[in-house]
Structure formats: C-alpha cells, structure tokens
Amino acid sequence: MTIIEARGLTKRYKSKSGPVHALDGLDLSVPRGTVKALLGPNGAGKTTTVKVLTTLTRPDEGSATIAGIDVLADPRATRRVIGVSGQYAAVDENLTGFENLDMIGRLYHLGRAESQRRARELVDMFDLTAAGDRPVKGFSGGMRRRIDLAGALVTNPEVLFLDEPTTGLDPRSRLSLWGIITDLVKEGTTVLLTTQYLEEADQLADDISVIDGGRVIAEGTSDQLKEQVGGHRVVVSLMTSDAREEAVRILTRYGDGEPVVSSDGRTVDVGVTNGPQSLQSVLADLEASGIELHDAGMRRPTLDDVFLRLTGRSTEVNAGDPDETAGPSGTKPKKPKKPKRSKEKAA
Amino acid sequence: MTAVIAPGSPRVAPATGVASWFSDGWAVTKRNLIKIKRSPDMLIFAVLQPIMFVLLFSQVYGGAIAVKGTDYTQFLMAGIFAQTVVFGATFSGSAMANDLKNGIIDRFRTLPMSSSAVLIGRTNSDLVLNGISMVIMMATGFAVGWRVNGTPLEFLAGVGLLLLFSYAFSWVMALLGMSVKSPETINNASFMILFPLTFVSNAFVPSDTLPTALRIFAEWNPVSSLVQTARELFGNEGSTPTPDVWTQQHSLATVLIGIAVMLVVFVPWCIRRYESISSR
C-alpha cells in the first residue's frame, strides 16, 4: 500500500541566470513500511522534494499525498503524521536535549506530563541520559544528530523524513544512526531519506530513486539498478599510463559501453555481459600487444557506476561542489575519484 | 538500542482553538527566555548598553546642552528610553533571521502548531528583554539625578507606552528578519535606519535647535511623539514649548495611531510571510 505519493512536482526558482528548475516533474511512490532513498548530487532536487512533502515549500505544479492526506490542501493535518529530521530541520543549541524534546512535545499538544515523560524516554533510548540535561551546544556531531532524530520521533510518526541524516558524521556515529533507522523500520515506520552516499542507500533502502535535474532518472532496488549497468565490470591496472589508449581500444572491443579511465590514467574499466570470458579475451589481447599489467580482475558494479552511467557524472566528483560539472564519462574528471575496488585476481 | 518506539507511544491531539494557540505561543516564549538566561553575553549587552547611554549622554552632553526650565538629565531620560526600546526591538529581526538560518524555523514549520506562535513567542520574549533594559535604565537614571514629577499612574502609563511601542516595532523588525538573506544584513541595515530615526528627533535635543529640514523631519518623526508623550507623563518636559505641529501637540494620539498601524499591518504580514519561508 502506498503511503507517500507525489505526482509531477515542479518547482522553479528565479536566479540571475534565469529560472532554475529545482523540481522538473518529479514522481515518487513509497509503499508503507519501506525505506526509500533519494540519491543524487547536490542541487539534484532531493532537499526540495523533502521540503515539498514536509509542507515547507509549495510546488508550482503537481500533487502529493501522505497517508491519504493531501499535503498541499491540508498541511496542518500532514504535519500530524510526519516526523522530520536532517541538516535543515534543526534543534535549538541553547536548549538542553531534554528541553528540545519537551518543547516539541508541547508543540504537538501532548500535554505537560506526557510531553515530559516522552522527552525523558527518548533521551534514555538514544543513549543521551548523561548529556540530556546539558545544552545541545556542547554536543558532539553524532549526539546532535541523535537528538535531532529523537525530535522527529516524539509522536512516533507514521512517516519519517531524513534529509542527509549522516552527512558529516564519523563512521562510528554513522553506523549507530543506521542501526537506529533500521530498528525504526522494523517497527513499521516508513522512511524517506535523501543521501549523497551510495553506501547509505545500499545499506538502508528497500528502494532507490536516482534524482538528477529535478526528476527521477532511475528507480528500483539496489540490485536492479546495478543490473542496468551490466553484470560485471572488467578492470585493468596498467604499469604505465602510456599504454592507456591501446588498453581502452582493447576494452572497447569486449565491453558493453565506453570504458572509464581513472584520473591517474592507469586504471581502465568497462561493463561486460559475460564476465570471465571477456576478462580472458581482454587479458589475451593485452598480452599480445605487450602491455604490462599491475593488476587485473572483475568486480560487481557499484551504485557509483549506476550514477555515472545514468548521468554521465560521478557522484563523488559532484558531491562536494554543486557548481562543478565533470566531463562526460570516459574523460578525466576534475577531481580525483577514489573508487574502492575489490578485485578478484585473475588466474 | 532496541525498541525506539515505546509501547505507549503518544498520540497527537488536533491543534485547534485558543487553548493551543496560547500554549504554542508560551512554548516558544519559554524557549526564547531560556536562551536569554543561557547567553550571558546577550543579557550583559541588554543591561550595559542602557547604562552606558544614560551615563554617556547625561555626563558628557549634560553640561553643554541647555534645556529651558529643567536640567538635561531630566530632559534626556525619556529620549534614552525611547531610543533603547526602538533599538531593542531590532533583536526580533536578527533573532528571526538566525532561527531561519539555523533551521529551527523549518523544524517549527513541520510541527502541527499555530502559525503565529513563533512570532508571538519572539515578540513576547523581546518585550521581556526590553522590560529588563527599562528597569536598569530607570535605576541608572535615578542614580544620576533623574526624578519623576508625574503621578504614579502617569509614570506607569509612560512605561507601558514605551513598551507597547517596542512590541509593535518588534513585528516590523521580525518581518525584516524574515526577508533578509543573512542575520548580519539585518544588523547593518537596522543601524542605517534606526540611527537617523532616533537621533533626528527630540530624544537628545529640543527639536527647535535643529536646522529646518531636520527640524521638520524630527517633528513628524513618530519617535519624537513617543518621546514627547513619555516626557510629559514623567513630568520632565521643563518649559520647552511643544512644537506647533499636530503630531507633537497630540503626541499621545500620534503614538497610539502609530502603534495601531504597525500592529494592523505587520502582524498579518509577518504571519503570511512565516507560512512560506524556509531556510533554503
């Protein structure tokens, strides 16, 4: 059963260089009790989508319902069934963790006693008992995110919106937050989260919508998206980058699409249909051409490959700087890309 | 970390009626007051600035500026009060701009609360801050020889009028705060407006001493009417003749009209603006 439904969301902003389409006909559908990840670089429209669905921004066109409530017609009723947490919907630094949660409870009209009980309960559940009565100002990044998330859970909402919940967190805090989100979903909460991290979408989401230019450009489970790119990728690392062009020619011969060259020019990879056979052929041709290899192998595609394939840009290149536009796939990106590649050694 | 959602998880009551409007406003006011309590720098500024102004003006200019029928300190105090409450109201603007930037407004706007509550909480708590400033200023004034010559009722009316004016002006500044791109802008912009507004008035000198153009501005300046009314209510006007301009002859009516206009125009405008703002 669908609990979040959005149709044809359009939002334009005026800017000096003309109107900017923050959303350009975005459709979204999230079944109850599942986790949907909106994946895309900065400026893709993820945050605007969340803002429309959480009643913060009105779209120019389109419609949205949450739990059967028309978000645009009845924002007040919508706010009763949602919880929002993320980089923008923040907590007050001068208030203690407890005071923040109590205030939110009061603003949900829980009543004094119930609001305080729930605030204390959440502080304890989120392992903030010791720090709960200190101003949030002195909290670590991970503690801040936890109190922020707790703020979204004061009334145990049916639908939870998390806008980049772990951006800027250290790996340990990230894992801890992932654990909390996983537990919530087990108990039946529907989650819509935005992220720039492929790993996060991979870990948490039942379903991923890849967003670029204000619309959904691909949708499916992590595995479905990876299949779109091809079953395997053949990767070769060259001893010297001089042999790059010849290696690209050979990989093009056996690959499904354009080979991708790493920024240092020494690693080339390409999607293939029949992994082992293609690898053997590639290796034979490389040997015949006298190209020396540092390493070679096959790997499963990552969501990064999916994104690169769909948009012609790598997420990691774009993640830090919305204005940066990297070249088309296969050319040298402006910033070095750091792919984590586990290679199976060829025999 | 198990069972994040407790068995007896709370249910949200529908937010309707005056009761929820009142409790929402109080919840936000309380939050702002806690903030004042926790930021000593803010409180120190609110206390020291009026002390500084009272001492500076009464001691530095007191000997140089002559006022007919009374001494400068008596004449000055109503002006200092008016200047301080007008400047104090700008805090509503910078605080709204800060809350917007920090994402707190976004949090509030995703809660099923009354849409005027954040603004009511803001202007309420700034009224409290302004009240504290007033008490400090009066104490300082008494210490340097200021005396009230009106009746206790007139004195209270004067204080009430000054605070009411600052409350209404808070709404004007709150709208500005929601319209600027950054909190820094509001601080710079408000000084550009408030210095002329408070200095080109009868707050620090009798307006008849000013060059013609400035004198006309000062006589029609609502701050002058506020100062004139407060001065009369405190019995500090001395024998300086009241300028023969309607806004000065009927200064109380002018101030009340000014306050009413500010509230009628800016309260609904602020609420409408609030309902559509977001951090980015």
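Values as computed for the structure displayed
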read-out: Within 10 Å of each Cβ in A:107-117, the average number of Cβ atoms from other chains; value: 5
read-out: Per residue accessible area of the protein assembly as shown, 1.4 Å probe, in Å²; value: 43
read-out: Kirkwood-Stokes translational diffusion coefficient of the stretch A:136-293, alpha-carbon pairs, 37 °C, 0.692 mPa s, µm²/s; value: 173
read-out: Measure of compaction for the stretch A:187-280 (Cα Rg per 2.2 N^0.38 Å); value: 1.38
read-out: Per-pair calculated FRET efficiency, R0 = 51 Å: residue A:264 and residue B:179 via Cβ, rounded to 0.05; value: 0.55
read-out: Where N is the number of residues in the stretch A:106-177, Cα Rg divided by 2.2 N^0.38 Å; value: 1.14
read-out: Distance between modelled label sites at residue B:26 and residue B:276, nm, 7 Å Cα→Cβ extension; value: 3.3
read-out: Rg over Rh [alpha-carbon atoms, Kirkwood Rh] for the protein assembly as shown; value: 1.12
read-out: Pair residue B:61, residue B:209: separation of 7 Å Cα→Cβ label points (nm); value: 0.7
read-out: Helix runs (DSSP H) in chain A reaching 15 Å along axis by Cα, Kyte-Doolittle at least 0.0; value: A:97-107, A:171-186, A:275-288
read-out: All Cα pairs of the stretch A:1-48, percent lying beyond 18 Å; value: 40
read-out: Low-density loop cleavage sites - trypsin sites (Lys or Arg not before Pro) in the stretch B:122-225, where at most 10 other Cβ are within 10 Å (DSSP); value: B:181
read-out: Kyte-Doolittle mean at least -1.0 and Cα axial length at least 15 Å: DSSP H helices in chain B; value: B:17-38, B:40-56, B:72-102, B:117-143, B:152-179, B:183-199, B:222-234, B:251-274
read-out: Per-residue mean of C-beta atoms belonging to partner chains within 10 Å, peptide B:265-277; value: 1
read-out: Max mean-square fluctuation residue, GNM over chain B, Cα-Cα springs under 10 Å, options B:192, B:134, B:113; value: B:192
read-out: Virtual spin-label span in nm between residue B:156 and residue B:192, 7 Å along Cα→Cβ; value: 4.3
read-out: Surface share of carbon and sulfur [accessible, 1.4 angstrom probe, percent] for the protein assembly as shown; value: 57
read-out: Total accessible area lost when A and B pair, probe 1.4 Å, Å² to nearest 100; value: 4100
read-out: Top of A:37, A:150, A:288 by mean-square fluctuation, Gaussian network on chain A, Cα under 10 Å; value: A:288
read-out: For the stretch B:154-233 versus the stretch A:115-170, the gap between their alpha-carbon centres in whole angstrom; value: 43
read-out: Whole-number D in µm² s⁻¹ for the stretch A:2-220, Kirkwood Cα-pair radius fed into Stokes-Einstein, 10 °C, 1.306 mPa s; value: 90
read-out: Whole-angstrom gap from the stretch A:1-69 to the stretch A:223-283, using each part's C-alpha centre; value: 36
read-out: Taking the C-alpha atoms of the stretch B:133-226, convex hull volume expressed per residue in Å³; value: 135
read-out: Stretchable slack from residue A:288 to residue A:219, in nm (0.36 nm times residue separation minus alpha-carbon distance); value: 20.7 nm
read-out: Length gained when the stretch residue A:137-residue A:300 is fully extended (0.36 nm per residue, less Cα-Cα span); value: 54.3 nm
read-out: Delta accessible area of at least 20 Å² on complex formation, residues of the stretch A:68-101, 1.4 Å probe, chain isolated as reference; value: A:76, A:79, A:80, A:84, A:88, A:89, A:90, A:92, A:94, A:95, A:99
read-out: Equivalent ellipsoid, the stretch A:13-111 (semi-axes from 5 times Cα gyration tensor eigenvalues, Å); value: 27, 19, 14
read-out: Alpha carbon convex hull of chain B, volume per residue in cubic angstrom; value: 159
read-out: Of A:26, A:251, A:286, the one that fluctuates the most in a GNM where chain A has Cα springs shorter than 10 Å; value: A:286
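The values are calculated or read from the model by the stated rules, or taken from the named source; none is laboratory data. Just so you know, these numbers come straight off a predicted model, no measurement behind them. Here Cβ is always computed from backbone atoms with ideal geometry, including for glycine, and neighbour counts include all displayed protein chains. For accessibility, only protein heavy atoms count, side chains too; no ligands or nucleic acids. Shrake-Rupley method; radii C 1.70, N 1.55, O 1.52, S 1.80 Å.
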